[in-house]
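Working notes, structure below.
The values are calculated or read from the model by the stated rules, or taken from the named source; none is laboratory data. Nothing here was measured: the structure is a model prediction, and the numbers come from that model. Because the Cβ atoms are built from the backbone with ideal geometry, glycine has one as well, and the counts that use them run over all protein chains shown.
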Amino acid sequence: MNMVRTVSVVLLLVFPTALAVAEGYSAFYAQLVEMFQQFEDDNTGLTTMATLKIPIGGEFEGMATAYTAVAQDISFLESNPAGSATLKETELAVFHSNLIDQASMESIAFTRRWDQLGIGAGTKIVHVPFEGIDYQGREVSSGRYVEAVGGLNASYNLFSGFYFHGLSIGANLKYATRVVPESIAPGQSAITGLADIGVLTRFNLLKFYSARERNFSVGAALRNFGPEVMGEPVPTSAHFGLAYAPIRPVLLAADAIVPWNPFSDVPAERIGFAVGLRADITSFLRLTSGFTVQGGAPRFVIGNQIDIGDVRLSANYTIDYTTRFTRPDRFSLQASLKFGDHGRAELQSQVENLYLEGLIAFAEGELELSAALAEQALALNPRFDPARELVQLSQESLELQQEMESLETLGDS
């Protein structure tokens, strides 16, 4: 089995790149461009700090950014800041994205959860080497253009219980900076502050399988809300997402993308959209894919994830205007390490066992024991509504039993 997984890792990390480099994909993308020419947008490219719009990688990128209502991977940091309050495990991840030619992006992120409170932090850096050439073709200057984005995250899941997943709200406080060598463009380096806010909830709808997790989710996020940088707006946008699992191994997601320039008269881009698919092939293998149209530019993504113990590896390949089929660019890699759930699953198991023991005691007429066991369950998890219901039912039944005994005593006298 270990050999099978090792071979799977190699094949799955190579597969998206090898597939996308195939000559047929060039014709495929040309057809997409022709199909979406009617959506061309003259307002594309009027914002600054372009790194804010480049996906960090992971499942967020693998589902073509249709992730606002999903937010189940550490890449939630860029999709919906409300996601950290419901992530199952603490996670540390590193990312590499090969963008185009010599431009690449390196990223790192961390997230941790305490009960209903989640926190996170992450940063990404894009670096591009530049050379200044004079009219005779001689190098007269050189340097490296750098853009970096980083921030802190916090979210909380409100009103959660056994019957209601809760309403998660969250925010990111971020900085974005660019460093332009003075020899290339004097006075163009800059830094700014931004914020993201988001909400997320999950519930069951049209669910045709049995499972604890909810199969439908709704999310919304406002990303990159911040002031102009040197007279140019940052790419602020509102995102509204839905996600639905019609069967357990498959998740479908869709996002509406609404660009907005709140601090500028510069016109915003047209509304865009993203659709994504996630399919669990085996217990350790997951495939992702998606399609995005924003600013009139179609983008297609195919990716995969493989879990080996506490390690997750993922790879994505993107096809868009910048993809060159003669070389393997436009791919991203993620490696993440999971540090467990800090006892949450074990605690929940104890709660459920106490509850089941309470049910058995109730069925056997041990009403005081039933209430006591349910109260112990509630002490461990006050949001476990079935235990609260069992306490109430046991107490009411006990009172009724005592009244009946009192009546029998009066009758005998």
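Scanning segment 190-208 turns up no residue that is surrounded by 18 or more Cβ atoms within 10 Å (Cβ to Cβ), assigned to a loop (DSSP other than H, G, I, E, B) and not β-branched (V, I, T).
Could you check segment 171-192 and list, in sequence order, the residues that are in contact with a Leu (Cβ under 8 Å, 6 or more places away or on another chain) and in contact (Cβ under 8 Å) with a residue 24 or more places away in the chain?
Filtering segment 171-192 down to residues in contact with a Leu (Cβ under 8 Å, 6 or more places away or on another chain) leaves 172-176.
N172, K174, Y175, A176, listed by residue number.
Do the conditions hold for A64, that is, is it modelled with pLDDT of 85 or more and of a type in the set (A, V, I, L, M, F, W, C)? Taking the combined requirement at face value, the residue satisfies it.
Hey, any hits in segment 295-304 for a residue that's in a strand (DSSP E or B), at positive phi and in contact with a strand residue (DSSP E or B) (Cβ under 9 Å, 6 or more places away or on another chain)? Looking through segment 295-304, none of the residues is in a strand (DSSP E or B), at positive phi and in contact with a strand residue (DSSP E or B) (Cβ under 9 Å, 6 or more places away or on another chain). I need the full set of residues from segment 83-111 which are without any contact (Cβ under 8 Å) to a residue 40 or more places away in the chain and closer than 17 Å to L313 by Cα, in order please. Of everything in segment 83-111, those that are without any contact (Cβ under 8 Å) to a residue 40 or more places away in the chain and closer than 17 Å to L313 by Cα turn out to be E106, I108, F110.
Considering only residues of segment 229-243 that are surrounded by fewer than 17 Cβ atoms within 10 Å (Cβ to Cβ) and not small (G, A, S), which is farthest from K53 (Cα to Cα)? Top of the filtered list is M230.
A quick yes/no check of all residues on (1) β-branched (V, I, T); (2) part of a strand (DSSP E or B); (3) out of contact with any helix residue (DSSP H, G or I) (no Cβ under 9 Å at 6 or more places or on another chain); (4) surrounded by fewer than 16 Cβ atoms within 10 Å (Cβ to Cβ):
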position	(1), (2), (3), (4)
I247	yes, no, yes, yes
A253	no, yes, yes, no
I257	yes, yes, yes, no
P262	no, no, yes, yes
D265	no, no, yes, yes
A268	no, no, yes, no
V275	yes, yes, yes, no
R286	no, yes, no, no
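A quick yes/no check of all residues on (1) of a type outside the set (V, I, T); (2) at pLDDT below 95; (3) surrounded by fewer than 17 Cβ atoms within 10 Å (Cβ to Cβ); (4) under 30 Å from G45 (Cβ atoms):
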{"site": "S289", "(1), (2), (3), (4)": "yes, no, no, yes"}
{"site": "G295", "(1), (2), (3), (4)": "yes, yes, no, yes"}
{"site": "D320", "(1), (2), (3), (4)": "yes, yes, yes, yes"}
{"site": "L337", "(1), (2), (3), (4)": "yes, no, yes, no"}
{"site": "A345", "(1), (2), (3), (4)": "yes, yes, yes, no"}
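Number of residues in segment 165-193 that are at pLDDT 95 or above and hydrophobic (A, V, I, L, M, F, W, C) equals 7.
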